[in-house]
1. Between Arg57 and Lys109, what FRET efficiency comes out of the Förster formula 1/(1 + (r/R0)^6) with R0 = 25 Å and r the beta carbon distance, rounded to 0.05?
2. Setting aside same-chain residues fewer than 8 positions from Lys121, which aspartates and glutamates have a Cα under 16 Å from its Cα?
3. Assuming R0 = 25 Å, can you tell me the calculated FRET efficiency for the pair Ser70 and Asp27, based on Cβ-Cβ distance, to the nearest 0.05?
4. Which of Leu104, Leu76, Leu63 moves most in a GNM of the chain, Cα contacts under 10 Å?
5. Where does helix 35-51 land angle-wise versus the long Cα axis of the chain, in degrees 0 to 90, nearest 10?
6. Taking the Cβ-Cβ separation of Gln116 and Asn6 as r and a Förster radius of 41 Å, what is the calculated FRET efficiency to the nearest 0.05?
7. Mind checking which of Ser21, Ile84, Ala69 is farthest towards the positive end of region 1-124's charge dipole, using Cβ charges of +1 (Lys, Arg) and -1 (Asp, Glu) about the Cα centre?
8. Can you show me the helix-derived [θ] at 222 nm for the chain, built from DSSP H runs with n ≥ 4 at -39,500 (n - 2.57) apiece and divided by the number of residues, rounded to the nearest 500.
Amino acid sequence: VDFDLNQAIEQLINQLRRHNSVMVKTDILLPQLPPSFRYQIYLILKECFINIQKHARASQIHLYGRMAASNIVLELKDDGVGFIPEKTMTGFGLKGVSERIQMLGGHLKIASTIGQGTLIKIQIPL
C-alpha cells in the first residue's frame, strides 16, 4: 500500500482544526521518501500534535518540513503555555517520538519557555 505522507498530514491538520480553535500553518515541501520513513514521520507528527492538543493550550501551530542537505528537517512551533523539557519527559508521548526519531537515526531538539510556547525540531538523515 502506498502511504501518502502529505495527504495524511493534511488529514491530521484538518482534524486538529475541527476539534480545536487552533490555527495551523503549514510550510511543507518534502521529497518522495521511502515508505518506512513516510509512516514513521506521520506517527511522529501525529504524536506531536496530540501532545500540543493535550498540554500546550496553543492558539497557533506552525509546521515546517524541508529537505536540507541529506536530512529531513521538521519543525513544529506553537504559541502555547510552554514547559521545562528536562522535567517533562515522563509521559509516553515525547518518549515515543524520541524513540521513533532515534530508530530512523535522527535527532530531536525541544526548546520551550514557560508562557512562550515550544519549538520541536526533528532532523532525520536520508
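1. On the way: r = 22 Å, r/R0 = 0.88.
The pair Lys109/Arg57 has a calculated efficiency of 0.70.
2. Filter leaves Asp27, Glu47, Glu75, Asp78, Asp79, Glu86, Glu99.
3. Working: r = 20 Å, r/R0 = 0.81.
The value I calculate is 0.80.
4. So, out of Leu104, Leu76, Leu63, the one fluctuating most is Leu104.
5. On a 0 to 90 degree scale, this one is about 10.
6. Working: r = 30 Å, r/R0 = 0.73.
Taking R0 as 41 Å, the efficiency between Gln116 and Asn6 is 0.85.
7. Result: Ile84.
8. Values: 3 runs with 44 residues, N = 126.
Calculated from helices alone, the mean residue ellipticity at 222 nm is -11500 deg cm²/dmol.
Coordinate-derived values only; no laboratory data. Predicted model only: the values in this text are computed from it and were never measured. Neighbour counts run over all protein chains shown; Cβ positions are idealised from the backbone, glycine included.
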